[in-house]
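Derivation of every value follows stated rules applied to the coordinates shown; laboratory data play no part. Since we're looking at a predicted model, the values are computed, not measured.
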């Protein structure tokens, strides 16, 4: 078993707490199910949000979906001119038997352009 980092991102259409919760739950669930993980295999999760998202903490949605004993942290993305707006990024650390090549990094709701390589969106 190895520790792997799993990346993902999603985009909101507006700065809305309801949409933040929906998008984060969707992304985290995809990261877990798409990589055949369970809550016990999760080590930690780091969330970042672009500066234009101020409605809610992304980690709060993960707590509400049941990740109550996993360390979670939120941070703000750099405010880079021309960067994609209203984006939440996730870096999840997990114990898994999958190789690096077998890890699926989901980029949802139009964020696949952030990844820049094939295979980021199923």
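Structural remarks
- Contour minus Cα-Cα distance for residue 14 and residue 85 (0.36 nm per residue): 24.6 nm
- Stokes-Einstein diffusion coefficient of the stretch 2-109, Kirkwood radius over Cα pairs, 25 °C, 0.890 mPa s, in µm²/s: 176 µm²/s
- Folded to 0 to 90 degrees: helix 17-34 orientation relative to the chain principal axis, Cα: 20 degrees
- Per residue, the average separation of C-alpha pairs within less than 8 Å and at least 6 apart gives the stretch 5-115 a relative contact order of 46 percent.
- Springs between Cα atoms under 10 Å define the GNM used for the chain, and in it the highest mean-square fluctuation of 99, 16, 44 occurs at 99.
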